[in-house]
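What follows is a set of notes on a single structure, which appears directly below.
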Amino acid sequence: MSAIAPPATAETAPPTPDYSNYQLVPARHPWRWVGTVLVAAGVAAIAWSLVTNPRWEWGVVAEWFSAQSVVNGLLETLKLTAISGVLGFVLGFILALMRLSSSPLLVSVSWTFSWIFRSTPLLVQLLLWYNLGYLYEKISLGIPFTDVRFFEAQTTTLISQFAAAVLGLTLNQAAYSAEIIRGGILSVDQGQLEAASALGIPAWKRSTRIVLPQAMRAILPNAFNEIIGLVKGTSIVYVLAYSELFYTVQVIYNRTQQVLPLLLVATLWYVVITSVLSVFQYYIERHFSKGALRTLPLTPLQRARKFFTTHVAASPTKDAR
């Protein structure tokens, strides 16, 4: 029979290795550095081209950037965006509730609305609303199928350039907003509604306190994308000869023949608007993520403060001993 080895004791146990004299070596990422160098070289080349190429005519850009006519066009763009955005999302919210209702008629009307306005180009919709007077000479408000009229006016008087722009942008925005809001509501777990109903919570509080706060996390990213797209979509209104930002820039460069600098003026203003909206989007999404994350993500200011605290203010450490 083979002998059984005695169990290991404190005297026979292998000694614990001493790691105190080991040197800490950071992980190396050579391909990350290669990619960083290549991207930095490309960015530097583009920046050098923008600065040194005189055909960009930055002096002309600076001259027209804050011109009164351009600022007036910018204000009209912001007005169109605000009015169409608010009305579009309000109408989209109503359409989303109609789509989620148990009424076949409401579901059919909501689905048909979204189908039509998502299937036709925005440019066609704007031109159709602007030429509505060709189809209907007068617009009246009264009791259907009777001669009773409470209000009546010429269509060409009511449907101005501004009215056609707001009408086209609002209805087009509502069609997309309805699907965004509907998807956000459907993303909430149905079990939470059943639990709230079992606890006797009224339907209105179930919607406002349980469904909407959670649905907003799914709605907000797409909603802000739609608002940013709406800002740039207002440039299509130039076909109605409405004096928003892009149309104003067109009028100026048709007169001065400085096409590229004026297009840069419009581009820079669109970049400014979308950048401000992106900042609002970050902080609003951060607010509504409180129920989903244990710790909120750091704001850009907090990240910068942390970076300077850990990399700049802290003294460099020596090799670990």
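The values are calculated or read from the model by the stated rules, or taken from the named source; none is laboratory data. What you see is a predicted model, and the numbers here were worked out from it, not measured in a lab. Glycine also receives a Cβ, built like all others from the backbone with ideal geometry; neighbour counts cover every protein chain displayed. Please note that ligands, DNA and RNA were not included when accessible areas were found on the heavy atoms of the full protein model with its side chains. Shrake-Rupley method; radii C 1.70, N 1.55, O 1.52, S 1.80 Å.
Things worth noting here:
- Considered as a group, the residues in the range 267-277 that are in contact (Cβ under 8 Å) with a residue 60 or more places away in the chain and under 17 Å from GLU63 (Cβ atoms) include one that is most open to solvent (accessible area, probe 1.4 Å), and that residue is LEU268.
- Contact map, the range 230-246: residues that are closer than 18 Å to GLN173 by Cα and assigned to a helix (DSSP H, G or I) paired with residues that are of a type outside the set (Phe, Trp, Tyr) and open to solvent by 50 Å² or more (accessible area, probe 1.4 Å), Cβ distance under 7 Å, separation 6+ or inter-chain. Pairs shown: ILE236/LEU123.
Here is a yes/no grid of residues against (1) within 30 Å of THR208 (Cβ to Cβ); (2) touching a helix residue (DSSP H, G or I) at 6+ places or on another chain (Cβ under 8 Å):
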{"position": "LEU95", "(1), (2)": "yes, yes"}
{"position": "LEU100", "(1), (2)": "yes, yes"}
{"position": "LEU106", "(1), (2)": "yes, yes"}
{"position": "TRP111", "(1), (2)": "yes, yes"}
{"position": "LEU126", "(1), (2)": "no, yes"}
{"position": "ASN131", "(1), (2)": "no, no"}
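- Scanning the range 247-266 for residues that are touching a helix residue (DSSP H, G or I) at 6+ places or on another chain (Cβ under 6 Å), within 20 Å of LEU75 (Cβ to Cβ) and open to solvent by 50 Å² or more (accessible area, probe 1.4 Å) returns a single hit, TYR247.
- A single entry from ALA27, ALA45 fulfils the requirement of being in a helix (DSSP H, G or I), open to solvent by less than 90 Å² (accessible area, probe 1.4 Å) and either under 30 Å from SER177 (Cβ atoms) or not basic (Lys, Arg) (or both): ALA45.
- Scanning the range 148-158 for residues that are free of Cβ contacts under 8 Å to residues at least 12 places away in the same chain and assigned to a strand (DSSP E or B) turns up ARG149, PHE150, PHE151.
- Scanning the range 51-61 for residues that are aliphatic (A, V, I, L, M) and more than 28 Å from the chain's Cα centre (by Cα), we see that the one that is surrounded by the most Cβ atoms within 10 Å (Cβ to Cβ) is VAL60.
- Unique residue being surrounded by 13 or more Cβ atoms within 10 Å (Cβ to Cβ) and in contact with a Leu (Cβ under 6 Å, 6 or more places away or on another chain) when the list is ILE181, ILE201, ILE185, ILE159: ILE159
- Within the range 181-204, the set of residues being of a type in the set (Val, Ile, Thr), part of a loop (DSSP other than H, G, I, E, B) and within 30 Å of the chain's Cα centre (by Cα) comprises VAL188 only.
- Residue tally, condition in a helix (DSSP H, G or I) and surrounded by fewer than 12 Cβ atoms within 10 Å (Cβ to Cβ), over the range 110-147: 6
- For LEU298, the conditions (1) at pLDDT 75 or above; (2) surrounded by 11 or more Cβ atoms within 10 Å (Cβ to Cβ); (3) not basic (Lys, Arg) all hold with the exception of (1).
- Residues of the range 65-109 satisfying the condition of being open to solvent by 80 Å² or more (accessible area, probe 1.4 Å), β-branched (Val, Ile, Thr) and closer than 24 Å to TYR270 by Cα: VAL86
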